[in-house]
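One structure is given here, and the rest of the page talks about it.
Only the coordinates and a few stated rules stand behind these numbers; no lab work does. Not measured: the values here are computed from a predicted model. Here Cβ is always computed from backbone atoms with ideal geometry, including for glycine, and neighbour counts include all displayed protein chains.
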């Protein structure tokens, strides 16, 4: 299975929108920066027919150190989850 990277996205946008690679890279950078800004502010990012990025906070919890098996406290952590849209999920199945 092929992985798509930033360069592939830039090339696809440039071809599809008849832009130079530099303009396409700038457009993608603006979009990614906006998504990042919204997530950092705690806002959901809903991209129609694609999915939703949802910032979440994992609660602090007790755990076990894997080497010495002592009890440790795993501190609270922020993360992002992604939910596929119904349309994209239907296309996958």
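Quick notes on this structure:
- Between residue 76 and residue 37, the FRET efficiency from the beta-carbon distance, with R0 = 22 Å, is close to 0.50.
- Taking only alpha carbon atoms, segment 44-93 gives an Rg to Rh ratio of 1.27, where Rh is the Kirkwood radius.
- Among 37-46, 68-77, the peptide with the highest mean count of other Cβ atoms within 10 Å heads the list, and the full ranking is 37-46, 68-77.
- For the chain, dividing the convex hull volume of the Cα atoms by the residue count gives 180 Å³ per residue.
- Here, segment 1-43 yields an orientationally averaged convex hull projection of 3.8 nm² when only Cα atoms define the hull.
- Where a label projected 7 Å from the Cα of residue 4 along Cα→Cβ would reach, residues of segment 73-93 with amide N under 20 Å: 81-93
- R0 of 22 Å, Cβ-Cβ distance residue 89-residue 54: FRET efficiency to nearest 0.05: 0.90
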